[in-house]
Each structure stands twice: as C-alpha cells, then as structure tokens.
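Everything on this sheet refers to the single structure shown next.
The values are calculated or read from the model by the stated rules, or taken from the named source; none is laboratory data. Not measured: the values here are computed from a predicted model. Reconstructed Cβ throughout: ideal geometry from the backbone, glycine too, with neighbour counts over all protein chains shown. Each accessible area value is taken on the protein alone, full model and side chains, heavy atoms only, with ligands, DNA and RNA left out. Shrake-Rupley method; radii C 1.70, N 1.55, O 1.52, S 1.80 Å.
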Amino acid sequence: ESPEGRTILEFRSSLPAYKEKEAILSAILRNQVLIISGETGCGKTTQLPQFILESEIESVRGAVCNIICTQPRRIAAISVSERVAFERGEKLGESVGYKVRLEGMRGRDTHLLFCTTGILLRRLLDDRNLIGVTHIIVDEIHERGMNEDFLLIVLKDLLARRPELKLILMSATLDAELFSSYFNGAATMKIPGFTYPVRTQFLEDILEMSGYRLTPDNQIDDYGQERIWKMNKQAPRKRKSQIASSVEDALRAADLSDYSLQTRESLSCWYPDCIGFNLIQYILCNICEHERPGAILVFMIGWDDINALKEKLLTHPVLSDPSRVLLLMCHSSMDSLEQRLIFEEPEDGVRKIVLATNIAETSITINDIVFVLDCGKAKKSSYDALNNTPCLLPTWISKVSVQQRRGRAGRVQPGECYHLYPRCVYDSFAEHQLPEILRMPLQSLCLQIKSLKLGSISEFLSRALQSPEILAVQKAIEYLKTIGALDENENLTILGHNLTMLPMEPKLGKMLIFGVIFNCLDPILTIVAGLSVRDPFLTPLDKKDLAEAAKSQFSQDYSDHLAIVRAYEGWKDAEKDLNGHEYCWKNFLSAQSMRVIDALRMEFLSLLKDIGLVDSNTSSCNAWSYDMYLIRAAVCYGLYPGICSVVHKDTSFSLKTMEDGQVLLHSNSVNARETRIPYPWVVFNEKIKVNSVFLRDSTAVPDSVVLLLGGSISKGDTDGHLKMSGGYLEFFMKPAVAN
Ligand code: ADP
Ligand code: MG
C-alpha cells in the first residue's frame, strides 16, 4: 500500500465508529431496522456505508449488494461520496457514486450510492419496491426534515413487503426512542464519543471580559448591510418585532447584578434582530492577535449575511492578510474547491476562519476547530396554518442546536465558544426545533403523496412519526384544489402532475408552466429565480430614499416582479462590459442576488427541458416574448389565489383580501409609493404577518388578464372578490393521464 493509503487507514481507524465496526455489522445482520446515533464527526456518514460495502464485497454477496444512503442536502451527498471514494482509493463513479437533482456520477459497478432524499422519493415513483436495493441508510434523521419524515412512512410500508431489505437510520443526537418505537421497537446503538471541555461565554461575559461597548451607533445598518445584518426587514429601529419584544422581557427579568454598569448599559443597546458585524470582527481580531492557534468557526444565518460579513472582514488589515488568515465560507451553494479547502489545514502561522450556515452543525465536520462564534440564529421556514401564511424569517435556534454548535470547538483540544446573545435569551430557547412536517406548508408534500399513489392524503399523513394538524392538511388540500393541481376527488390533474416534477413551491412551478404556455418564459424565469432569493433590492436605512428612487426607475408597471426583470436585464447588459458590480452599486442591487438569479434561471430551464415542457434544443432564451400583458398574466396565474382587490378612496387606495380584510403593502414595494393603482386587482407573492398583514412583491392586474385566462369575475357588494374558473384552469382540471 502507498504511504497515503496507510495514513488514510490510520485516520479511519482512529474514528470512534471504526472501533464499533464488528458490532455494527452484526447488529445489521440480526435486525431489519437499526437506529445508530453518535456524536457529529464520529464517522457515521463516511464509515458506516463503507463497512457494509466492504463486508458485502468480502462475502459472496458483493456483486448483488446495493446500498443507498440518503442525505438531506445535495452538497452533503456530493462531498461525502467524493470523500468515501477517496478513502477507498478510487475515482468517483466506481464502487461509490452519487446522484442529486440534474447531476450524478455512477457506473456499472456502483454499489454504494449517496443521494438526496428527494432522489430516492423520485425513484419510488417508478419502482415502488426498490427492486435490487439491499440496504437503505437514511442519514441525519435528527433534523426531522419534511422529506425524511415522509420517506420513513413510505419505508415502513416497504419493509413489510421486502423482509430482506435492511434499513439503517443515523442521527447525531439521541432521539433513538422516538424512532425505535415508530419501527415497532427497532434495535438502537450508540457510538461512544469523546469531546474536550468547551469554555462558554455569553454576550454579557464577552462584554465584561473585553470591555467592548455596544452603542446604538455601532449597530446601525449602513449601505450593503455592511455593519449589521438586520433579521427582519419590517422592524426598523422604532418598531420592534415579536422576537425583539419577547427577548426584551427576558432581558428585563435577567439578574445581571454581578456584571459591571458598563456591561449592563451595553446590553440594553443590543438589538436582538441584528447580527453585530462589528462585534464579530472585534472577537475574530482578538483571537487572531492574542489566542493560541486553532481554526475559528462562525455560525451565521445564510448565504447572504455570510457574504456581507466576508466583504466587511476583507477590508480589515489583519483579517484580510493572507499570510495570517485564511477566510472561507461553508454553505449549501459553495463550489467543490472551496469545500476541499475547509477540510485542509492551512500553512503554519495562518489561521483558518470558516463562516458557515447551520450545515456545519452536524452534516459537515471541520476537524481543527478550537473557537466557535454562534449568532444563535438560523434560517428556518415556519408556517402559520390558521392564516395560511408561510414566513421565511431567521429564527432563534434550539438548545440542542446550541450544544451542537458549542461541541464543534472541542473535537481536538479544549475549546472556546462565544455566544453572541445573552444567557437569558438562551434560557428562553425551545429544547428542540419542531419537525418540518409540523411547521411547514404541506402543499408540495401532498402533491408527492398523490404522485406516489399513496392513497388518501390525510390517512397517509396520520401515519407519520408526528402527524401534522388536520387543519394544516385541509388547508393544503384546499389550496391545491384552488390552483387546479387536484380535482374535487383529490386526484392529480395534468397541472398537478407537472408540478410534482418541479421541485419548488407549486405557485412558482405554475408560473413557469404558464411562462411556457404564454411564450414568455424568459422574463418568467427571471421572476421565479428572483422570488427564490432574498430581496435583490437593497434598502439601507440611512439611504432609504435613494434606494427607493433607484428601485422605482425599474418599475413603470405597478409591479415588483417586472422591476426584478428590468433590474436583471440591466445587470446582464452591464456584465457584458464587466460593469456589473458598479451597476449594482449605483442601483442599490445585490450583486450576489443577481448572480444567483442568473444561475437559477439556467437550472430552472434545465428542469423544464428535463421533464419535456421545453424543447431540449432551446439554448438561448431570447426567442421568448416580452409582452407585458402576457407576463402579468403568467404572474397572476401563478400567484392566484394570492390576490386582493383595490379599493380607491379620494387620494389613496386600500387593499383587501378575502381572509384578512385590509392588508398593507410592504414599504419596499413599488406599489407602496403609488397613490393610485389603475387596475382593480393586485396579486402578491407572500403575506407576512407582523402586527398587520403585509404583502411582499406585488403586481397590479387588469380585469382583462383574468378574462384572458378564461376566468369569470364575481364582485361582491363592496369588497371585490375574484374567483377564477373555466378557461385554462378547466383544461388542467382533466385527470392526469396515468403514466
Ligand atoms: P459523522 O457522520 O459521524 O458526523 P463523518 O463520517 O462525516 O462523521 O466524518 C468523520 C470524519 O471524517 C470527521 O473527522 C471529518 O472531519 C472527516 N471528513 C469527512 N469528510 C471529509 C473530507 N471531505 N475531507 C477530509 N475529512 C473529512
Ligand atoms: Mg454525518
């Protein structure tokens, strides 16, 4: 064996999972279902599937074994398969492969396949018994993602039909009992682990020890979210969000008598809705200048605040010096070069700093971390079933997540963890995060249940590990009927059938489909991509007027959606002359968002080709029409029933929806600056409930658009109320052709 091969073997055998190899393999032989838990980094994901593969190859069954290991995220599926192939001294696509949406690498001899949970669900569509598969490993089940919970219901049925099939569930934290009882008392195993102690500091400790002062000024937003990242765009400094006020109560009740007056004053200036970039920079700098060697992991919220922080840090003399600091990012859309760098040890004297999302909490282990900074927040979708209102706001994490984050610091030696929020706020965190199935809209899930022909939606969901509320299920079914994806008997329509093949919210999928039908796909691709990223229009508080003026030049049409199209087109032109960045700067646009929109457009187009809705020869989008009328119609048809009526008064107007009564336009909307809307309807992408209901991203629509779609308009006495039926909808309401 090569020296490299030996060191890999040494590394592998040093992992806690390796010491349990025989015990794990024999437990798998004896049990149909096995639940394995073990601390993050102990070797579950990279070693366990390998153990099975190796032992099957050694035995006579090698040629027939077929192991599928699912990951909640595509980045994990790819990086783990690369790692395992590397550990086996092979190229990817030999015995180890991967498959994610629109991408994959596998060969004739691939016996171990890493894939996303979604891919396995797709496979079940054509092959409900998973013929030939010998082992299914479902990883990261502690995350309780919607797809994973869904898959478990399906697999539970499948195990009865396939008694020789093995199911292994892997989890970072010990929730073993819940899963074990779900699978009729299945066997459980815990891989013992070891971590060094981690010294913990909450915000008050950080302030007390460092003497750093929080003032209103060093937390105020300025251009490009440079200094702080505001979590909630609705919450300018005066009006506090709900998060802020519940935190305020906790702070008021906290006993801080042991802390100095300066610390207490500082804490009263702390904004719970923000991430203080200045404080982070201060701590990072302090560690770099005064602390022992060791990498730093910073838990941020998402791709956008990570980018904004990185840009800020790169202007700092110490942190931007490549001979002292290696600054990296770890999030779900990083490329594989950057991914490799986060695992590598930097040169002597260079300190690695990784800015990460909660992906680094359990699914990616970076070994040499000694210092952790934790902002206490993560981007989580939540959902208000009663108001049918989804919201994608950063929220506080759970206590379990805090422990996970802290634990990242103690893998190689005693570590340090800085929590950037007060201890009393931590005390108010929930123990666990609610599983997605209990807090997310169920529309896509319901469509999947139907496309897998799993019978009645409510009956199926009643067999989940934890069943969603009946009200939430009913709302989802009702919505799918309203948009024409399900017929009266809950059967998939043609539209519904097409939507199941587009992995996005049904309304966005529907908008794409109508973009195709109305021959205006190009601008619709931009709109759908734009709605999938954070607001591409930046609104710094101190330059609010300028930013709004900049946005309004993109809109002469009473439409935020068309404003996205114009902004993107302008950026695209500027990019041709390499002026994209300057263009964004002048027009208060996020250059990052523009690049993501650009990439998503291509991805959506590939998806549409993949399912045959767009001719596979279509290479350029320019053949599509830019008829404003048709674009408006496609947007309207996608967003329906997200619609409200416009009621004009003398010099102003108000908006009403059926469910909420009067609603307000988000202050960022181009329509918020109008005094008159020349059309009777406004469609919107999203409702956000803060104190009132706010609409984000709206487009005004004339009656004729509704008529074009073949709908009928019925107006109530005073409150307009729109019901669409007939026309295109009728066409789609035909039952889907069985495939
Ligand atoms: P678990 O699934 O139990 O959290 P993993 O199997 O992911 O653990 O990781 C086991 C070890 O392998 C960890 O120490 C991790 O840092 C290391 N490792 C995983 N992937 C890579 C990689 N791509 N490059 C280098 N080391 C890796
Ligand atoms: Mg893992």
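In the full protein context, segment 61-203 carries 41 Å² of accessible surface per residue, based on a 1.4 Å probe and ignoring ligands, DNA and RNA.
If you count Lys pairs in segment 1-133 whose Cα atoms are under 20 Å apart, skipping same-chain pairs closer than 8 places in sequence, the total is 4. With a cut-off of 8 Å between alpha carbons and a minimum separation of six or more residues, what is the relative contact order of the chain in percent? After rounding, I find 10 percent. Solvent-accessible area assigned to carbon and sulfur over segment 64-121 amounts to 50 percent, based on a 1.4 Å probe. Using only side-chain charges placed at the Cβ, +1 for Lys and Arg and -1 for Asp and Glu, the dipole size of segment 1-155 relative to its Cα centre rounds to 360 debye. Solvent-accessible surface (1.4 Å probe) assigned to Trp303 amounts to roughly 70 Å². Once you reduce segment 92-163 and segment 309-345 to the center of their Cα atoms, the two points are 33 Å from each other. Under 22 Å of direct C-alpha separation, and excluding same-chain neighbours fewer than eight residues apart, Lys379 reaches these lysines: Lys230, Lys233, Lys240, Lys310, Lys312, Lys399, Lys507, Lys687, Lys689. Rounded, prolate or oblate: which fits segment 1-96, taking a ≥ b ≥ c as square roots of the Cα gyration tensor eigenvalues, rounded meaning a/c under 1.5, else prolate when a/b beats b/c? Rounded, because the longest to shortest axis ratio a/c is under 1.5. Here segment 143-213 has 53 percent of its accessible surface on carbon and sulfur atoms, given a 1.4 Å probe and all protein chains in place.
For Val325, nonlocal amide neighbours, meaning residues 5 or more places apart or on other chains whose placed amide H falls under 5 Å from its own, are Arg351. The label point for Ala160 and the one for Thr315, both projected 7 Å from the Cα toward the Cβ, are 6.3 nm apart. Where both bridge residues fall in the chain, DSSP classifies roughly 40% of the beta bridges as antiparallel. Over segment 386-503, accessible surface divided per residue gives 39 Å², non-protein components excluded, 1.4 Å probe.
Annotation: amide H of Cys330 within the under-5 Å range of Leu355, Ala356, Thr357, sequence separation 5 or more or interchain, hydrogens built in the peptide plane.
Carbon-plus-sulfur accessible fraction, segment 260-352 (probe radius 1.4 Å, protein heavy atoms only): 51%. Averaged per residue, segment 562-675 has 47 square angstrom of accessible surface, using a 1.4 angstrom probe with ligands and nucleic acids left out. Summing charges over neighbours of Met170, with a neighbour being any other residue whose Cβ is under 10 Å away from its Cβ, gives -1 when K and R count +1 and D and E count -1.
Listed by chain and number, the aspartates and glutamates whose alpha-carbon sits under 15 Å from that of Lys166, ignoring those within fewer than 8 places in the same chain, are Glu56, Asp139, Asp157. What does the C-alpha gyration tensor say about the overall shape of the chain? Classify as rounded when a/c is under 1.5, otherwise prolate if a/b is larger than b/c, or oblate. Oblate, because a/c is 1.5 or more while a/b does not exceed b/c. Across the chain, where is the longest run that never hits GluC sites (Glu not before Pro) in a DSSP loop with at most 15 other C-beta atoms within 10 Å? With GluC sites (Glu not before Pro) excluded where exposed in loops, the chain gives 489-658 as its longest stretch.
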